[in-house]
Amino acid sequence: MIAEQRRKRLVDAMGDAGLDVLLVYGNAWQGDYLRYATDFGILEGQALALVRNDGHVTLYLDSPLEADRAALDCPGAEIVLAPDLVGEVDRALDRMRNQRMGAAPQRLLPRRIAARAGDLKLSDETAFVDRLLMAKLDGEIDAIRRAAKLADAGYQAFMRAARAGRADYELVAETEAFFRANGVADNFQIIGVGGVEVKGMAPPSGKRLKRGDMVTTELTPCVDGYYAQICRTLVVGEANAEQKAAHALWRESMEAGIATLRDGVTAADIAKAENDVFRKHGMGKYTTNEFTRVRGHGMGLFADSKPHILEDVTTRIEAGMALIVHPNTYHPVVGYMVLGDGVAVTKDGCEVLTGTARELFSVPA
(Lines give C-alpha, C1' and ligand atoms only; values in the text may rest on other atoms or scores of the structure.)
Protein backbone atom coordinates (compact mmCIF):
# COMPACT_ATOMS: atom_id res chain seq x y z
CA MET A 1 0.00 0.00 0.00
CA ILE A 2 1.38 3.42 -0.98
CA ALA A 3 0.54 5.02 2.36
CA GLU A 4 2.47 2.39 4.31
CA GLN A 5 5.44 2.71 1.97
CA ARG A 6 5.41 6.49 2.40
CA ARG A 7 5.19 6.22 6.17
CA LYS A 8 8.15 3.83 6.32
CA ARG A 9 10.17 6.06 4.01
CA LEU A 10 9.37 9.11 6.14
CA VAL A 11 10.29 7.39 9.40
CA ASP A 12 13.52 6.03 7.92
CA ALA A 13 14.42 9.50 6.65
CA MET A 14 13.68 11.00 10.07
CA GLY A 15 16.08 8.50 11.58
CA ASP A 16 18.77 9.43 9.07
CA ALA A 17 18.21 13.13 9.83
CA GLY A 18 18.23 12.62 13.60
CA LEU A 19 14.64 13.81 14.02
CA ASP A 20 12.60 12.42 16.90
CA VAL A 21 9.32 14.18 16.04
CA LEU A 22 7.95 15.86 12.93
CA LEU A 23 5.07 18.35 13.15
CA VAL A 24 3.06 18.57 9.91
CA TYR A 25 0.34 21.08 9.01
CA GLY A 26 -2.45 20.77 6.44
CA ASN A 27 -5.60 22.54 5.33
CA ALA A 28 -8.20 22.04 2.61
CA TRP A 29 -6.09 23.82 -0.02
CA GLN A 30 -2.59 22.54 0.71
CA GLY A 31 -2.77 19.10 2.26
CA ASP A 32 0.16 17.32 0.61
CA TYR A 33 2.53 17.45 3.60
CA LEU A 34 -0.25 16.18 5.86
CA ARG A 35 -1.31 13.45 3.46
CA TYR A 36 2.24 12.23 2.99
CA ALA A 37 2.59 11.72 6.74
CA THR A 38 -0.92 10.54 7.65
CA ASP A 39 -2.68 9.48 4.42
CA PHE A 40 -5.55 11.80 5.38
CA GLY A 41 -6.97 14.00 2.63
CA ILE A 42 -8.41 16.91 4.60
CA LEU A 43 -11.54 18.56 3.18
CA GLU A 44 -12.35 21.27 5.72
CA GLY A 45 -10.79 23.04 8.68
CA GLN A 46 -7.17 22.62 9.69
CA ALA A 47 -5.05 19.76 10.94
CA LEU A 48 -1.74 19.19 12.67
CA ALA A 49 -0.02 15.83 12.99
CA LEU A 50 2.86 14.66 15.15
CA VAL A 51 4.92 11.85 13.62
CA ARG A 52 7.34 10.08 15.96
CA ASN A 53 10.44 8.26 14.79
CA ASP A 54 8.91 4.97 15.96
CA GLY A 55 6.14 5.41 13.38
CA HIS A 56 3.37 6.51 15.75
CA VAL A 57 1.19 9.27 14.27
CA THR A 58 -1.19 11.52 16.20
CA LEU A 59 -3.55 13.49 13.95
CA TYR A 60 -5.26 16.53 15.52
CA LEU A 61 -8.36 17.89 13.73
CA ASP A 62 -10.60 20.84 14.60
CA SER A 63 -13.67 19.54 12.73
CA PRO A 64 -15.87 16.80 14.26
CA LEU A 65 -16.85 15.59 10.80
CA GLU A 66 -13.21 15.36 9.73
CA ALA A 67 -12.28 13.56 12.94
CA ASP A 68 -15.01 10.98 12.31
CA ARG A 69 -13.83 10.48 8.74
CA ALA A 70 -10.20 10.20 9.79
CA ALA A 71 -11.10 7.50 12.31
CA LEU A 72 -12.37 5.42 9.38
CA ASP A 73 -9.79 6.40 6.76
CA CYS A 74 -6.66 6.27 8.94
CA PRO A 75 -6.89 3.21 11.22
CA GLY A 76 -3.15 3.28 11.86
CA ALA A 77 -3.17 6.79 13.36
CA GLU A 78 -4.29 8.14 16.71
CA ILE A 79 -7.09 10.63 15.96
CA VAL A 80 -7.72 13.55 18.30
CA LEU A 81 -10.68 15.94 17.93
CA ALA A 82 -9.20 19.25 19.08
CA PRO A 83 -11.54 22.28 18.90
CA ASP A 84 -8.61 24.24 20.39
CA LEU A 85 -6.29 22.81 17.76
CA VAL A 86 -3.33 25.11 18.26
CA GLY A 87 -3.52 25.08 22.03
CA GLU A 88 -3.68 21.30 22.27
CA VAL A 89 -0.78 20.76 19.90
CA ASP A 90 1.22 23.49 21.62
CA ARG A 91 0.83 21.63 24.92
CA ALA A 92 1.86 18.35 23.25
CA LEU A 93 5.01 20.03 21.93
CA ASP A 94 5.79 21.27 25.43
CA ARG A 95 5.76 17.69 26.65
CA MET A 96 8.28 16.76 23.92
CA ARG A 97 10.66 19.67 24.28
CA ASN A 98 13.57 17.42 25.29
CA GLN A 99 13.39 15.75 21.85
CA ARG A 100 14.66 16.95 18.49
CA MET A 101 11.62 18.34 16.65
CA GLY A 102 11.03 19.71 13.18
CA ALA A 103 8.04 21.13 11.29
CA ALA A 104 6.74 21.36 7.73
CA PRO A 105 5.67 23.42 5.94
CA GLN A 106 7.10 26.14 8.16
CA ARG A 107 5.35 29.00 6.34
CA LEU A 108 1.89 27.62 7.18
CA LEU A 109 2.43 26.91 10.87
CA PRO A 110 -0.09 28.63 13.16
CA ARG A 111 1.36 31.87 14.48
CA ARG A 112 1.33 30.79 18.12
CA ILE A 113 3.48 27.73 17.38
CA ALA A 114 5.73 29.51 14.89
CA ALA A 115 6.43 32.21 17.47
CA ARG A 116 7.74 29.54 19.89
CA ALA A 117 9.92 27.75 17.33
CA GLY A 118 13.12 29.04 18.93
CA ASP A 119 12.01 28.18 22.45
CA LEU A 120 10.94 24.68 21.39
CA LYS A 121 14.00 24.23 19.15
CA LEU A 122 11.53 23.43 16.36
CA SER A 123 13.57 23.32 13.17
CA ASP A 124 12.26 24.14 9.70
CA GLU A 125 12.09 20.78 7.92
CA THR A 126 10.12 21.96 4.88
CA ALA A 127 12.98 21.15 2.51
CA PHE A 128 13.37 17.73 4.15
CA VAL A 129 9.73 16.82 3.39
CA ASP A 130 9.87 18.52 -0.02
CA ARG A 131 12.58 16.07 -1.09
CA LEU A 132 10.34 13.14 -0.15
CA LEU A 133 7.35 14.70 -1.92
CA MET A 134 9.32 15.30 -5.12
CA ALA A 135 11.14 11.96 -5.39
CA LYS A 136 8.33 9.49 -6.00
CA LEU A 137 8.10 5.81 -5.15
CA ASP A 138 7.12 3.48 -7.99
CA GLY A 139 3.60 3.19 -6.58
CA GLU A 140 3.26 6.97 -6.54
CA ILE A 141 4.29 7.24 -10.20
CA ASP A 142 1.75 4.54 -11.04
CA ALA A 143 -1.04 6.54 -9.35
CA ILE A 144 0.00 9.67 -11.29
CA ARG A 145 0.10 7.62 -14.49
CA ARG A 146 -3.50 6.52 -13.87
CA ALA A 147 -4.53 10.10 -13.09
CA ALA A 148 -2.94 11.24 -16.36
CA LYS A 149 -5.04 8.76 -18.32
CA LEU A 150 -8.16 10.14 -16.67
CA ALA A 151 -6.98 13.67 -17.47
CA ASP A 152 -6.83 12.66 -21.15
CA ALA A 153 -10.34 11.22 -20.97
CA GLY A 154 -11.55 14.29 -19.09
CA TYR A 155 -10.28 16.57 -21.84
CA GLN A 156 -12.30 14.58 -24.36
CA ALA A 157 -15.38 15.20 -22.20
CA PHE A 158 -14.46 18.90 -22.05
CA MET A 159 -14.26 19.11 -25.85
CA ARG A 160 -17.61 17.35 -26.23
CA ALA A 161 -19.15 19.97 -23.97
CA ALA A 162 -17.61 22.94 -25.84
CA ARG A 163 -19.75 24.62 -28.46
CA ALA A 164 -20.95 28.12 -29.33
CA GLY A 165 -23.57 29.52 -26.98
CA ARG A 166 -22.64 27.47 -23.95
CA ALA A 167 -21.41 29.10 -20.75
CA ASP A 168 -17.94 28.30 -19.43
CA TYR A 169 -19.42 26.84 -16.22
CA GLU A 170 -21.36 24.29 -18.27
CA LEU A 171 -18.09 22.95 -19.70
CA VAL A 172 -16.62 22.75 -16.22
CA ALA A 173 -19.76 21.07 -14.83
CA GLU A 174 -19.79 18.38 -17.51
CA THR A 175 -16.09 17.71 -17.00
CA GLU A 176 -16.63 17.43 -13.24
CA ALA A 177 -19.56 15.06 -13.80
CA PHE A 178 -17.38 12.86 -16.00
CA PHE A 179 -14.63 12.73 -13.40
CA ARG A 180 -16.97 11.97 -10.51
CA ALA A 181 -18.62 9.19 -12.53
CA ASN A 182 -15.16 7.69 -13.04
CA GLY A 183 -14.08 7.69 -9.42
CA VAL A 184 -12.10 10.95 -9.34
CA ALA A 185 -12.36 12.41 -5.85
CA ASP A 186 -11.06 15.89 -6.73
CA ASN A 187 -10.17 17.95 -9.78
CA PHE A 188 -8.53 21.37 -9.93
CA GLN A 189 -9.71 23.17 -13.07
CA ILE A 190 -9.54 26.70 -14.43
CA ILE A 191 -10.69 28.05 -17.80
CA GLY A 192 -10.32 30.97 -20.18
CA VAL A 193 -12.69 31.99 -23.01
CA GLY A 194 -12.17 34.71 -25.61
CA GLY A 195 -9.38 36.36 -27.55
CA VAL A 196 -6.74 39.03 -27.07
CA GLU A 197 -8.52 40.39 -23.99
CA VAL A 198 -7.95 37.13 -22.08
CA LYS A 199 -4.82 37.39 -19.91
CA GLY A 200 -5.06 34.08 -18.05
CA MET A 201 -7.34 31.35 -16.72
CA ALA A 202 -9.66 31.49 -13.73
CA PRO A 203 -12.74 29.77 -12.28
CA PRO A 204 -15.76 30.02 -14.61
CA SER A 205 -17.57 33.37 -14.68
CA GLY A 206 -20.53 32.69 -16.98
CA LYS A 207 -18.88 33.83 -20.20
CA ARG A 208 -20.49 32.24 -23.26
CA LEU A 209 -18.51 30.71 -26.10
CA LYS A 210 -18.74 32.28 -29.55
CA ARG A 211 -17.19 31.62 -32.94
CA GLY A 212 -13.48 32.43 -33.02
CA ASP A 213 -12.96 32.20 -29.27
CA MET A 214 -9.99 30.33 -27.88
CA VAL A 215 -10.95 28.15 -24.93
CA THR A 216 -8.09 27.23 -22.60
CA THR A 217 -8.20 24.91 -19.65
CA GLU A 218 -6.09 22.88 -17.30
CA LEU A 219 -7.58 19.76 -15.79
CA THR A 220 -6.00 18.19 -12.71
CA PRO A 221 -7.82 15.02 -11.60
CA CYS A 222 -6.80 13.18 -8.44
CA VAL A 223 -6.42 9.38 -8.15
CA ASP A 224 -5.60 7.80 -4.78
CA GLY A 225 -4.50 11.23 -3.59
CA TYR A 226 -2.23 11.96 -6.57
CA TYR A 227 -2.87 14.69 -9.14
CA ALA A 228 -1.94 14.75 -12.82
CA GLN A 229 -2.48 17.75 -15.07
CA ILE A 230 -3.13 18.44 -18.73
CA CYS A 231 -3.22 21.88 -20.43
CA ARG A 232 -4.82 22.34 -23.85
CA THR A 233 -6.36 25.04 -26.06
CA LEU A 234 -9.24 24.75 -28.51
CA VAL A 235 -10.94 27.17 -30.90
CA VAL A 236 -14.69 27.50 -31.48
CA GLY A 237 -14.87 27.06 -35.25
CA GLU A 238 -11.81 26.99 -37.47
CA ALA A 239 -8.59 28.41 -36.07
CA ASN A 240 -7.20 31.42 -37.93
CA ALA A 241 -3.63 31.75 -39.18
CA GLU A 242 -2.50 33.78 -36.15
CA GLN A 243 -3.87 31.22 -33.70
CA LYS A 244 -2.22 28.37 -35.59
CA ALA A 245 1.15 30.18 -35.70
CA ALA A 246 0.99 30.94 -31.98
CA HIS A 247 0.18 27.33 -31.15
CA ALA A 248 3.12 26.14 -33.23
CA LEU A 249 5.40 28.33 -31.09
CA TRP A 250 3.87 26.96 -27.87
CA ARG A 251 4.37 23.41 -29.10
CA GLU A 252 8.00 24.09 -30.04
CA SER A 253 8.60 25.56 -26.59
CA MET A 254 6.96 22.69 -24.69
CA GLU A 255 8.81 20.08 -26.73
CA ALA A 256 12.11 21.90 -26.11
CA GLY A 257 11.44 21.70 -22.38
CA ILE A 258 10.55 18.01 -22.53
CA ALA A 259 13.62 17.25 -24.65
CA THR A 260 15.80 18.83 -21.93
CA LEU A 261 14.38 16.62 -19.18
CA ARG A 262 16.56 13.92 -17.66
CA ASP A 263 18.12 13.03 -14.35
CA GLY A 264 20.64 15.68 -13.31
CA VAL A 265 19.36 18.82 -15.03
CA THR A 266 17.82 21.65 -13.01
CA ALA A 267 14.37 23.22 -13.09
CA ALA A 268 16.12 26.31 -14.48
CA ASP A 269 17.49 24.30 -17.43
CA ILE A 270 13.97 23.24 -18.42
CA ALA A 271 12.57 26.76 -18.09
CA LYS A 272 15.43 28.22 -20.11
CA ALA A 273 14.88 25.70 -22.92
CA GLU A 274 11.22 26.73 -23.10
CA ASN A 275 11.91 30.45 -22.81
CA ASP A 276 14.70 30.40 -25.40
CA VAL A 277 12.12 29.40 -28.03
CA PHE A 278 10.07 32.49 -27.20
CA ARG A 279 13.20 34.65 -27.28
CA LYS A 280 14.13 33.22 -30.67
CA HIS A 281 10.76 34.35 -32.01
CA GLY A 282 11.00 37.82 -30.45
CA MET A 283 8.58 36.93 -27.64
CA GLY A 284 10.97 37.03 -24.69
CA LYS A 285 8.84 39.68 -22.98
CA TYR A 286 6.10 37.09 -22.52
CA THR A 287 8.29 34.76 -20.46
CA THR A 288 8.40 37.27 -17.58
CA ASN A 289 6.20 37.24 -14.49
CA GLU A 290 4.18 40.10 -15.97
CA PHE A 291 2.52 37.56 -18.28
CA THR A 292 3.18 34.11 -16.85
CA ARG A 293 3.64 32.45 -13.45
CA VAL A 294 5.64 29.26 -14.08
CA ARG A 295 6.78 27.19 -17.07
CA GLY A 296 5.64 24.02 -15.33
CA HIS A 297 5.65 22.44 -11.89
CA GLY A 298 5.66 19.19 -10.00
CA MET A 299 2.75 16.75 -9.86
CA GLY A 300 1.87 14.63 -6.87
CA LEU A 301 -0.16 14.99 -3.67
CA PHE A 302 -0.90 18.65 -4.49
CA ALA A 303 -2.19 20.12 -7.73
CA ASP A 304 0.72 22.58 -8.04
CA SER A 305 3.67 21.08 -6.22
CA LYS A 306 7.41 21.70 -6.21
CA PRO A 307 9.63 22.14 -8.08
CA HIS A 308 8.36 25.20 -9.93
CA ILE A 309 9.89 25.39 -13.40
CA LEU A 310 11.48 28.84 -13.52
CA GLU A 311 14.89 30.12 -14.58
CA ASP A 312 15.80 31.09 -11.02
CA VAL A 313 14.88 27.71 -9.48
CA THR A 314 18.00 25.56 -9.21
CA THR A 315 16.32 22.42 -7.83
CA ARG A 316 18.02 19.33 -9.25
CA ILE A 317 15.67 17.18 -11.33
CA GLU A 318 15.99 13.49 -10.54
CA ALA A 319 14.66 10.23 -11.90
CA GLY A 320 11.37 9.47 -10.18
CA MET A 321 10.04 13.02 -10.22
CA ALA A 322 6.74 13.80 -11.95
CA LEU A 323 6.26 17.18 -13.64
CA ILE A 324 4.08 19.04 -16.08
CA VAL A 325 5.91 21.12 -18.69
CA HIS A 326 3.66 23.97 -19.84
CA PRO A 327 4.72 27.23 -21.53
CA ASN A 328 1.39 28.87 -20.61
CA THR A 329 1.47 32.61 -21.25
CA TYR A 330 -0.06 35.53 -23.12
CA HIS A 331 0.22 36.18 -26.85
CA PRO A 332 -0.29 39.83 -27.91
CA VAL A 333 -2.20 38.92 -31.08
CA VAL A 334 -4.41 35.99 -30.03
CA GLY A 335 -4.55 36.12 -26.22
CA TYR A 336 -3.67 33.62 -23.50
CA MET A 337 -2.75 30.14 -24.72
CA VAL A 338 -1.84 26.93 -22.90
CA LEU A 339 -0.22 23.62 -23.76
CA GLY A 340 1.18 21.14 -21.23
CA ASP A 341 2.07 17.47 -20.90
CA GLY A 342 2.70 15.49 -17.73
CA VAL A 343 5.94 13.49 -17.56
CA ALA A 344 7.78 11.11 -15.27
CA VAL A 345 11.54 11.74 -15.20
CA THR A 346 13.88 8.85 -16.01
CA LYS A 347 17.68 8.53 -16.01
CA ASP A 348 17.99 9.30 -19.70
CA GLY A 349 14.91 11.43 -20.36
CA CYS A 350 11.29 11.09 -19.42
CA GLU A 351 8.13 9.08 -19.91
CA VAL A 352 5.38 11.30 -21.32
CA LEU A 353 2.23 10.48 -19.37
CA THR A 354 -0.18 12.63 -21.40
CA GLY A 355 -1.69 10.88 -24.41
CA THR A 356 -3.79 13.73 -25.88
CA ALA A 357 -2.49 15.04 -29.20
CA ARG A 358 -0.50 18.29 -29.06
CA GLU A 359 -2.96 20.04 -31.35
CA LEU A 360 -4.86 23.29 -31.44
CA PHE A 361 -8.27 21.64 -31.39
CA SER A 362 -11.39 22.95 -33.10
CA VAL A 363 -15.00 22.35 -32.10
CA PRO A 364 -18.08 23.18 -34.21
CA ALA A 365 -19.31 26.75 -33.97
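The values are calculated or read from the model by the stated rules, or taken from the named source; none is laboratory data. Computed from a predicted structure; not experimentally measured. Every residue, glycine as well, gets a Cβ built from its backbone with ideal geometry; the counts of neighbours run over all protein chains shown. Just so you know, the surface numbers come from the protein's heavy atoms only, side chains and all, with ligands and any DNA or RNA stripped out. Shrake-Rupley method; radii C 1.70, N 1.55, O 1.52, S 1.80 Å.
Descriptive notes on the structure:
Per-residue answers, yes or no, for (1) under 22 Å from Ala357 (Cα atoms); (2) of a type in the set (Val, Ile, Thr); (3) more than 24 Å from the chain's Cα centre (by Cα):
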| site | (1), (2), (3) |
| --- | --- |
| Val184 | no, yes, no |
| Ile191 | yes, yes, no |
| Pro203 | no, no, no |
| Tyr227 | yes, no, no |
| Gly237 | yes, no, yes |
| Asn240 | yes, no, yes |
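- Residues being closer than 19 Å to Gln46 by Cα and open to solvent by less than 30 Å² (accessible area, probe 1.4 Å) - total across segment 103-128: 7
- Unmet requirement for Val196, which otherwise passes all of (1) β-branched (Val, Ile, Thr); (2) in contact with a helix residue (DSSP H, G or I) (Cβ under 7 Å, 6 or more places away or on another chain); (3) surrounded by fewer than 16 Cβ atoms within 10 Å (Cβ to Cβ): (2)
Okay, residues lined up against (1) touching a residue at least 40 places away in the same chain (Cβ under 8 Å); (2) small (Gly, Ala, Ser); (3) open to solvent by less than 60 Å² (accessible area, probe 1.4 Å); (4) more than 28 Å from Ala271 (Cβ to Cβ):
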residue	(1), (2), (3), (4)
Gly165	yes, yes, yes, yes
Gln189	no, no, yes, no
Ala228	yes, yes, yes, no
Lys244	yes, no, no, no
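- Criterion violated by Lys272 - all others in (1) open to solvent by 40 Å² or more (accessible area, probe 1.4 Å); (2) at pLDDT below 95; (3) on the phi < 0 side of the Ramachandran plot satisfied: (2)
- Residues of segment 178-223 that are over 16 Å from Ala162 (Cα atoms) and among the acidic types (Asp, Glu): Asp186, Glu197.
- Here Met254 fulfils each of the conditions (1) part of a helix (DSSP H, G or I); (2) closer than 28 Å to Val223 by Cβ; (3) open to solvent by 10 Å² or more (accessible area, probe 1.4 Å) apart from (3).
- Remark: pairs (first residue in segment 314-328, free of Cβ contacts under 8 Å to residues at least 60 places away in the same chain; second residue among the hydrophobic types (A, V, I, L, M, F, W, C) and part of a loop (DSSP other than H, G, I, E, B); Cβ separation under 8 Å; 6+ apart in sequence or on different chains) = Arg316/Val265; Ile317/Leu261; Ile317/Val265.
- The numbered conditions (1) touching a Leu at 6+ places or on another chain (Cβ under 8 Å); (2) open to solvent by less than 20 Å² (accessible area, probe 1.4 Å); (3) part of a helix (DSSP H, G or I) are all true for Glu140 except (1).
- Residues being closer than 28 Å to Gly225 by Cα and part of a helix (DSSP H, G or I) - total across segment 89-110: 4
- Here Arg295 passes the criteria (1) closer than 30 Å to Gly41 by Cβ; (2) open to solvent by 10 Å² or more (accessible area, probe 1.4 Å); (3) among the basic types (Lys, Arg); (4) free of Cβ contacts under 8 Å to residues at least 60 places away in the same chain except the one numbered (2).
- Segment 305-357 holds strands (runs of 3 or more DSSP E) entirely within its bounds, and those carrying 2 or more residues that are surrounded by fewer than 18 Cβ atoms within 10 Å (Cβ to Cβ) and on the phi < 0 side of the Ramachandran plot map to 350-352.
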